[in-house]
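The values are calculated or read from the model by the stated rules, or taken from the named source; none is laboratory data. Predicted model only: the values in this text are computed from it and were never measured. For neighbour counting, all protein chains shown are included, and Cβ atoms are generated from backbone atoms with ideal geometry for every residue, glycine included.
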Amino acid sequence: MKTQALFAVGLSAVLLTGCATQDAYTGEQKTSRSALYGLGGAAAGAVVGAATSSRSDRTKGALIGATVGGAAGAGYGYYVDQQEARLRQELTGTGVQVIRNGDNLQLIMPGNITFASNSSDISSSFYPTLNSLVKVFKEFDKNGVAIVGHTDSTGSMELNMRLSQDRANSVASYLTGQGVPGSRISSRGVGPTQPIASNDTTAGRAQNRRVEINLFPL
């Protein structure tokens, strides 16, 4: 079984080289995430396919398993690739950061573009950006949407915890009001407990005042 499985994985690796692209800035060869997911699925599929086949059909079983497993593995990777590209397209110039971490996407929305100071009322200028998110969330509906509010350390812990929760709730309410299913959405506030910069400087505090939306597989 090992020989056939390794052969199938080797075939997948050969096919994988066709998915490499050249980085326009560095000139390095890069492989798409969906191709990497596909190779992992092919490896698993090859082993399962070989193991569940008779001795005479193990090579055939490994090849079929590699094909099916590769397609399934590439599926979600390809899905996230497409979603990431759509988000970057929609959010260009809005000030919202799009960060990819494996299967997860994170959107970081600075406080200066989302809410007025010490308020949980969404700034009117931010509604078009939220509408862009609604469009993408409806188009790509296989994600959970976890909304997290953050503050700097100025003021009491009680005040900041409440403000961060209210801001996360405001974003969640707007998304559901525009048709994103509430079953996909969660919201919480963590106040100043998860800083990404120093609270000792004005610039650092500005970075810490933010709302994050984390997208993850359902």
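Couple of notes before you dig in:
- Within the stretch 89-119, if we keep just the residues that are surrounded by 19 or more Cβ atoms within 10 Å (Cβ to Cβ) and within 19 Å of Asp152 (Cα to Cα), the residue that is nearest to the chain's Cα centre (by Cα) turns out to be Leu107.
- Condition check for Phe126: surrounded by 14 or more Cβ atoms within 10 Å (Cβ to Cβ) and within 18 Å of the chain's Cα centre (by Cα): no
- Filter result (free of Cβ contacts under 8 Å to residues at least 12 places away in the same chain and assigned to a helix (DSSP H, G or I)) within the stretch 78-113: Ala85, Arg88, Gln89
- Considering residues of the stretch 177-202 that are farther than 16 Å from Arg167 by Cα and β-branched (Val, Ile, Thr) only, the residue surrounded by the fewest Cβ atoms within 10 Å (Cβ to Cβ): Thr202
- The residues in the stretch 140-171 that are part of a helix (DSSP H, G or I) and in contact with a helix residue (DSSP H, G or I) (Cβ under 8 Å, 6 or more places away or on another chain) can be counted, and the count is 2.
- Verdict on Phe137 being surrounded by 13 or more Cβ atoms within 10 Å (Cβ to Cβ) and either modelled with pLDDT under 95 or under 26 Å from Tyr79 (Cβ atoms) (or both): yes
- Pick from the stretch 198-218, criterion among the polar types (S, T, N, Q), free of Cβ contacts under 8 Å to residues at least 24 places away in the same chain and in a loop (DSSP other than H, G, I, E, B), ranking: nearest to Asp141 (Cα to Cα): Ser198
- For the stretch 166-182, the criterion of being farther than 19 Å from Phe115 by Cα, touching a strand residue (DSSP E or B) at 6+ places or on another chain (Cβ under 6 Å) and small (Gly, Ala, Ser) is met by none of the residues.
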